[in-house]
Amino acid sequence: MRKNGSLLLLPVLLAALTGCAVNPVNQLTAKASMPIIDGGVLAINQEQDLQLAKDAMPASIAVLEGLITQDPNNVKMHTYAAQAYYGYAYAFVEDDDPKRASALYLRGVRHGFKALAQLGMPENLFDLNKEQIETLVAKQGKRALPALFWTASAWAKWIDMNRDKPESARHLAKTNALMQRVLELDETFYYAGPHIYFGVFYGSVAPMFGGDPVKSQSHFDKARAINQNRLLMVDLLEAEFLARQSFDQAKFHRNLTHILAAPDDLLPELAIATQIAKAKAQRLLKKEEEWF
């Protein structure tokens with residue numbers, strides 16, 4: 001991973017030497033770096049050492065930001081940036097520094113907006129209402145899946161970090177509209193990500209605002225089935241957002257202890273998610289007596 005990171009620095013250094021303005025040479029250099037970026041994403045997903053991943057990700061994000069300055073209309077790079085800010089904030093920041101996590105999620109949202117703008121949508125979706133967004137996303141096909149998914153994911157987490165601000169809650173219907181389109185296009189996308197998203201939404205929101213424990217359970221069950229019970233993040237989020245809100249201590253405890261007992265190589269291609277789930281499960285178990 002660190003070897004890849006050093007290679008990733010080459011295009012950025014070249015860009016620095018040739019000036020900040022976008023030019024065809026720098027743009028081609030940025031595009032030529034995509035295989036390295038793809039490999040870096042695969043490597044970080046397979047990483048089992050959380051500290052190594054935590055140390056590596058800021059530099060990787062900085063490199064990605066540098067490449068984007070040289071190819072600002074690159075949909076894939078902006079989408080990777082949205083994913084990176086989301087992943088780093090969720091795994092390593094939000095539990096200890098919600099304010100910083102909020103800012104990181106918002107940076108991910110902005111990159112997601114830029115990716116979607118290249119796919120024909122207005123760049124500032126904050127200014128649109130739910131109905132306008134639904135009309136726009138209905139025109140999007142599978143090419144837009146990654147941008148829709150990571151934009152909605154980062155946006156929803158930004159909202160979660162700002163629950164005390166009334167203006168943030170009105171955006172939730174918009175993130176749902178983006179993720180609903182992902183669900184329609186491919187329910188299995190990113191390890192059943194849209195089902196996990198709606199499992200969290202329906203489990204954590206009060207019924208008067210659209211919450212529904214039955215729907216939440218259905219989405220978590222579908223995500224679990226699609227992943228053949230190998231994605232521990234499903235058990236983690238079900239415990240945190242459904243079992244906790246339903247005051248189901250037995251499910252809460254069962255899910256979290258199951259996560260801690262699971263083998264580290266349960267899902268090798270997404271080993272980092274397994275380690276994140278284990279770390280967060282330990283943290284949540286310490287709150288069991290307080291919450292129940």
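If LEU145 satisfies all but one of (1) in contact with a Phe, Trp or Tyr (Cβ under 7 Å, 6 or more places away or on another chain); (2) modelled with pLDDT of 95 or more; (3) surrounded by fewer than 17 Cβ atoms within 10 Å (Cβ to Cβ), what's the number of the condition it fails? All conditions are met except number (3). Pairs are defined by a Cβ separation below 6 Å, a sequence spacing of at least 6 or placement on different chains, a first member in the range 35-58 that is within 15 Å of ALA84 (Cα to Cα), and a second member that is of a type in the set (Ser, Thr, Tyr) and at pLDDT 95 or above; the pairs so defined are MET57/TYR88. Where residues in the range 135-177 are of a type in the set (Phe, Trp, Tyr) and without any contact (Cβ under 8 Å) to a residue 60 or more places away in the chain, which of them is farthest from ASP97 (Cα to Cα)? Ranking the qualifying residues of the range 135-177, first place goes to PHE149. Considering each residue of the range 182-189 in turn, none proves to be aromatic (Phe, Trp, Tyr), closer than 28 Å to ASP96 by Cα and either touching a strand residue (DSSP E or B) at 6+ places or on another chain (Cβ under 8 Å) or not in a loop (DSSP other than H, G, I, E, B) (or both). So, in the range 211-239, exactly how many residues are in a loop (DSSP other than H, G, I, E, B) and closer than 18 Å to LYS286 by Cα? Summing the residues that are in a loop (DSSP other than H, G, I, E, B) and closer than 18 Å to LYS286 by Cα in the range 211-239 gives 0. Scanning the range 63-98 for residues that are without any contact (Cβ under 8 Å) to a residue 24 or more places away in the chain and either farther than 20 Å from GLU123 by Cα or touching a Leu at 6+ places or on another chain (Cβ under 6 Å) (or both), we see that the one that is surrounded by the most Cβ atoms within 10 Å (Cβ to Cβ) is VAL93. Taking first residues from the range 273-292 that are touching a residue at least 40 places away in the same chain (Cβ under 8 Å) and partners that are of a type in the set (Gly, Ala, Ser), the Cβ contacts under 6 Å between residues at least 6 apart in sequence or on separate chains come to ILE276/ALA91. Summed over the range 240-253, residues that are surrounded by 14 or more Cβ atoms within 10 Å (Cβ to Cβ) and assigned to a helix (DSSP H, G or I) total 8.
Candidates in the range 121-131 are the residues that are in a helix (DSSP H, G or I) and surrounded by 15 or more Cβ atoms within 10 Å (Cβ to Cβ); of these, the one that is farthest from the chain's Cα centre (by Cα) is LYS130. Would you mind stating whether ASP164 is in a helix (DSSP H, G or I) and at pLDDT below 95? For ASP164, the condition - in a helix (DSSP H, G or I) and at pLDDT below 95 - is not met. Being closer than 20 Å to ASP95 by Cα, surrounded by fewer than 17 Cβ atoms within 10 Å (Cβ to Cβ) and of a type in the set (Ser, Thr, Tyr): is that true of THR257 here? Criteria met by THR257. The set of residues from the range 170-225 being under 14 Å from the mean Cα position of the chain (by Cα) and closer than 18 Å to ALA243 by Cα comprises HIS195, ILE196, TYR197, PHE198, VAL200. Consider the range 23-49 and keep the residues that are at pLDDT 75 or above and not in a helix (DSSP H, G or I). The one that is surrounded by the most Cβ atoms within 10 Å (Cβ to Cβ) is GLU47. May I ask you to list the residues in the range 240-257 that are farther than 14 Å from LEU285 by Cβ and free of Cβ contacts under 8 Å to residues at least 12 places away in the same chain? The answer is ASP248, and nothing else.
If the condition is being among the hydrophobic types (A, V, I, L, M, F, W, C) and touching a residue at least 24 places away in the same chain (Cβ under 8 Å), then the range 178-204 contributes LEU178, MET179, VAL182, LEU185, PHE189, ALA192, ILE196, VAL200, PHE201.
The values are calculated or read from the model by the stated rules, or taken from the named source; none is laboratory data. Everything quoted here is computed from the prediction, not taken from an experiment. A quick note on method: Cβ atoms are made from the backbone with ideal geometry, for glycine too, and the neighbour counts reach across all protein chains shown.
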